[in-house]
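Engineer: Would you mind keeping the following structure in view while I ask a few things?
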Amino acid sequence: MAYFIQQLINGLTLGAIYGLIAIGYTMVYGIIGMINFAHGEIYMIGAFISVITFLVLQSVGMGFVPLVLVVMLIASMLFTSVYGWTIERIAYRPLRRAPRLAALISAIGMSIALQNYVQLTQGARVKALAPIISGGMTLFEQNGFEVRLSYLQIFIIILTMALMAGFSYLIDRTPLGRQQRACEQDRTMAALVGVNVDRTISTTFVMGAALAAVAGMMVTLYYGVVDFFIGFLAGVKAFTAAVLGGIGSLPGAMLGGLLIGLIEAFWSAYFTIEYKDVATFSILVLVLIFRPTGLLGKPEIEKV
């Protein structure tokens, strides 16, 4: 039981990170009906920016951990927001009325370009980050096995819950959220009633990029290493989480992320760790066979 609970904690922590990335996928899909396949690279850039920010703060002698974390978070979100806006402006807006395949190819090309850009500017070697948040608490002990909850895991889970609540309120209760829902339903009609469609879509990309930056910072703090290729696999898994939970649904994206994290943690703990990704995608296949809209997704009604 102790080992099970420890893996549950680990899985929820990892799933929270996947969930934040998945929200970016589902927000963009909800408003333009396309997948931003460069979103994983935005997450990777956010991780690099957090490392660079930490090194800069360390060089100027700033050692107060809460202030360091706040500055890292703000810097990552600001810089990646610019990248998110740029991707929408370059790779999506010119192709908005083109066939969907053109935008898909453009997004994949942007993903490859960002990977190579980071590789050229930061190098291909793995970058390491010294632990910033250390320590934790022992929840209980059973047969010599301690169930530990680290302060970093608490920080990740609380920050994820706060962001999820904040973005849910923003989508449901604010004018921007109403504009986003209007664009999701019918962009032409939204423009006719005064909604600035281009600005709303750009803002959605910026919001998704900011969430990916938070996830990038979290994974850097959690694992302590980052390289130019981490965005690919994490992006695919987050996309899987978005589809699993129901593409277009914010609670579904977070639920899918948590499920993916739990599947990975428990499979790695009780079975062969090399096949944890196979298990993850096998679950996705089963869900798509028996529930194509995902766990919380709604079937699309096509008007004729």
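The values are calculated or read from the model by the stated rules, or taken from the named source; none is laboratory data. Worth saying up front: this structure is predicted, and the values here are computed from it rather than measured. Here the Cβ positions follow ideal geometry from the backbone for every residue, glycine too, while neighbour counts run over all protein chains shown.
Engineer: If a residue has to be surrounded by fewer than 21 Cβ atoms within 10 Å (Cβ to Cβ), within 17 Å of the chain's Cα centre (by Cα) and of a type in the set (Ser, Thr, Tyr) to count, how many in the stretch 84-113 make the cut?
Structural biologist: 0
Engineer: Between a residue in the stretch 273-302 that is farther than 16 Å from GLY257 by Cα and surrounded by 11 or more Cβ atoms within 10 Å (Cβ to Cβ) and any residue that is modelled with pLDDT under 80 and polar (S, T, N, Q), which pairs come within a Cβ distance under 6 Å, given they are 6 or more apart or on different chains?
Structural biologist: The qualifying pairs do not exist here.
Engineer: Confirm whether LEU114 is free of Cβ contacts under 8 Å to residues at least 40 places away in the same chain and assigned to a helix (DSSP H, G or I).
Structural biologist: Values: free of Cβ contacts under 8 Å to residues at least 40 places away in the same chain: no; assigned to a helix (DSSP H, G or I): yes.
Considered against the rule, which asks whether it is free of Cβ contacts under 8 Å to residues at least 40 places away in the same chain and assigned to a helix (DSSP H, G or I), LEU114 comes out as no.
Engineer: Please work out which residue is farthest from ILE21 (Cα to Cα), limiting yourself to the stretch 46-78 and to residues that are of a type in the set (Phe, Trp, Tyr) and touching a residue at least 60 places away in the same chain (Cβ under 8 Å).
Structural biologist: Taking the candidates together, the pick is PHE54.
Engineer: Give the stretch 49-60 a look and list any residue that's over 12 Å from VAL214 (Cα atoms) and among the hydrophobic types (A, V, I, L, M, F, W, C), or say none. First the steps, then the outcome.
Structural biologist: Just the residues of the stretch 49-60 that are over 12 Å from VAL214 (Cα atoms), to begin with: 51-60.
Residues satisfying the conditions are VAL51, ILE52, PHE54, LEU55, VAL56, LEU57, VAL60.
Engineer: Looking at the stretch 179-192, is at least one residue free of Cβ contacts under 8 Å to residues at least 60 places away in the same chain, over 30 Å from GLN6 (Cβ atoms) and outside any helix (DSSP H, G or I)?
Structural biologist: Within the stretch 179-192 (the criterion being free of Cβ contacts under 8 Å to residues at least 60 places away in the same chain, over 30 Å from GLN6 (Cβ atoms) and outside any helix (DSSP H, G or I)), the answer is yes, since at least one residue qualifies.
Engineer: Still on this structure, I have one more. Filter the stretch 193-210 down to the residues that are among the polar types (S, T, N, Q) and without any contact (Cβ under 8 Å) to a residue 40 or more places away in the chain and list them by number. Talk me through it step by step, then tell me what you get.
Structural biologist: Quick first cut of the stretch 193-210, residues among the polar types (S, T, N, Q) only: 196, 200, 202-204.
Listed by number, the residues that qualify are ASN196, THR203.
Engineer: Now for a separate question. Would you pick out the residues in the stretch 255-304 that are at pLDDT 85 or above, in contact with a Lys or Arg (Cβ under 8 Å, 6 or more places away or on another chain) and among the β-branched types (Val, Ile, Thr)?
Structural biologist: Within the stretch 255-304, ILE260, ILE263 qualify.
Engineer: Restricting the search to the stretch 132-164, which residues are under 25 Å from the mean Cα position of the chain (by Cα), loosely packed, with under 11 Cβ neighbours inside 10 Å and part of a loop (DSSP other than H, G, I, E, B)?
Structural biologist: Of everything in the stretch 132-164, just one residue is under 25 Å from the mean Cα position of the chain (by Cα), loosely packed, with under 11 Cβ neighbours inside 10 Å and part of a loop (DSSP other than H, G, I, E, B), namely SER134.
Engineer: I've got another one for you. Could you tell me which of the residues VAL197, VAL193 is farther than 25 Å from THR86 by Cα and of a type in the set (A, V, I, L, M)? Talk me through it step by step, then tell me what you get.
Structural biologist: On the way: VAL197 fails: farther than 25 Å from THR86 by Cα.
Residue meeting the stated conditions: VAL193.
Engineer: Which one of GLY11, GLY46 is in a helix (DSSP H, G or I), in contact with a helix residue (DSSP H, G or I) (Cβ under 8 Å, 6 or more places away or on another chain) and over 17 Å from GLY208 (Cβ atoms)?
Structural biologist: Values: GLY46 fails: over 17 Å from GLY208 (Cβ atoms).
Being in a helix (DSSP H, G or I), in contact with a helix residue (DSSP H, G or I) (Cβ under 8 Å, 6 or more places away or on another chain) and over 17 Å from GLY208 (Cβ atoms) holds for just one of GLY11, GLY46, which is GLY11.
Engineer: Kindly check whether there is at least one residue in the stretch 26-43 that is touching a helix residue (DSSP H, G or I) at 6+ places or on another chain (Cβ under 7 Å), closer than 18 Å to VAL118 by Cα and acidic (Asp, Glu).
Structural biologist: yes
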